[in-house]
1. Of Phe94, Phe82, which has the most accessible area with a 1.4 Å probe, and how do the rest follow in descending order?
2. Considering amide H positions built from the backbone, and no H for Pro or chain starts, which residues 5 or more places from Asp115, or on another chain, come under 5 Å of its amide H?
3. Residues with beta-carbon under 10 Å from that of Tyr121, excluding Tyr121: net charge, scoring Lys, Arg +1 and Asp, Glu -1?
4. Please compute the net charge surrounding Glu3, taking Lys and Arg as +1 and Asp and Glu as -1 over other residues with Cβ under 15 Å from its Cβ.
5. At a Förster radius of 30 Å, what calculated FRET efficiency corresponds to the Cβ-Cβ distance of Met1 and Arg24, to the nearest 0.05?
6. Any idea how far apart Arg17 and Ala33 come out in nm if each label point goes 7 Å out from Cα toward Cβ?
7. Between Gln48 and Leu76, what length comes free when the chain is fully extended (0.36 nm per residue of separation minus the Cα-Cα distance, one decimal in nm)?
8. So, taking all protein chains as they sit and a 1.4 Å probe, how much accessible area belongs to Lys34, in Å² rounded to tens?
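The values are calculated or read from the model by the stated rules, or taken from the named source; none is laboratory data. Because the structure is a prediction, the values reported are computed rather than measured. Backbone-built Cβ (ideal geometry, glycine too); neighbour counts: all protein chains shown. These accessible areas exclude ligands, DNA and RNA; they are computed on the full protein's heavy atoms, side chains included. Shrake-Rupley method; radii C 1.70, N 1.55, O 1.52, S 1.80 Å.
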Amino acid sequence: MDETPVQLPALGCLELRSHPQRGRGVFTQQAIAKGTLIHISPVLVFSQAEYSEHGRHTCLDHYTYCWRGGTFALALGLGSMFNHEPSGLENVGFVRDMDQALIKYIALRDIAAGDELCICYGPNVWFDIVSDEVRGADAGHSPPEADDFLSSIQL
């Protein structure tokens with residue numbers, strides 16, 4: 001793991017609130033512009049054995065990210081608090097920085113004050129999807145501009 005110090009930006013406008021169907025989530029009190037680095041979460045990496053023997057049998061299983069070499073990572077900080085929106089409806093994207101054991105969360109579009117910040121967990125979720133947004137996006141496909149935008153971010 002790269003031991004270079006990492007600045008952790010803090011947006012003072014984020015708060016945890018309860019959503020009536022999704023439970024606790026991350027909301028913004030102020031507008032956030034597209035491209036804003038919202039949060040950087042350090043992660044704890046679990047080996048395949050640790051995950052198989054322990055992690056997948058606990059509630060931690062719902063908060064892990066696939067990581068390098070078949071390992072799994074638990075996002076600390078707000079990284080484990082972002083709720084799900086289906087692909088194309090999420091307003092926050094994430095980039096895994098495996099060398100520094102971090103996940104960076106970036107606004108995919110302008111986000112209005114009061115909105116919940118949501119990421120896409122992928123197509124195979126373990127719960128009934130509750131979405132606040134109806135945008136007519138094709139299910140299971142991110143809009144091309146979101147993919148282009150995330151790939152343009154320099155880590």
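1. The most accessible residue leads, giving Phe94, Phe82.
2. Thr28
3. So the surrounding residues net to -2.
4. -3
5. 0.55
6. 2.4 nm
7. Once the chain is fully extended between Gln48 and Leu76, it gains 8.2 nm.
8. 100 Å²
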